[in-house]
Amino acid sequence: MTAAAAEAAAVAKAAAVKGPASYFPSIEKKYGRPIAEWKDLIRASPLTKHMELVAWLKAEHALGHGHANALVAHTLAEQTA
């Protein structure tokens, strides 16, 4: 598979994913950490409120608002499920 074909397949797969998880491929690519590591950081934080966690990720880890929001939303949803 060529690099272009692999990228097209990754884009198609990401498009099939809905909600916060649709941001995950770009988060991993942009910030160089796997999603599991980001989720571990969120779970280990003493903060518990959604927007507090988003602000923390933005301030301490330089994430953009949308990426931070997606990570927090997905992680908190797992904890309540």
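The values are calculated or read from the model by the stated rules, or taken from the named source; none is laboratory data. Quick caveat, the model's predicted, so the values are computed rather than measured. Here the Cβ is made from the backbone with ideal geometry for all residues, glycine too, and neighbour counts use every protein chain on show. Note: accessible area is taken over every heavy atom of the protein model, side chains too, but ligands, DNA and RNA are not part of it. Shrake-Rupley method; radii C 1.70, N 1.55, O 1.52, S 1.80 Å.
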When the residues of segment 23-81 are filtered to those that are surrounded by 13 or more Cβ atoms within 10 Å (Cβ to Cβ) and small (Gly, Ala, Ser), which remaining residue is nearest to GLU7 (Cα to Cα)?
SER26
If a residue has to be assigned to a helix (DSSP H, G or I) and under 12 Å from THR75 (Cα atoms) to count, how many in segment 25-51 make the cut?
11
Six or more apart or on different chains, Cβ atoms under 7 Å: show the pairs whose first residue is in segment 54-81 and closer than 17 Å to GLU28 by Cα and in a helix (DSSP H, G or I) and whose second is open to solvent by less than 40 Å² (accessible area, probe 1.4 Å) and modelled with pLDDT under 95.
HIS74/ALA21
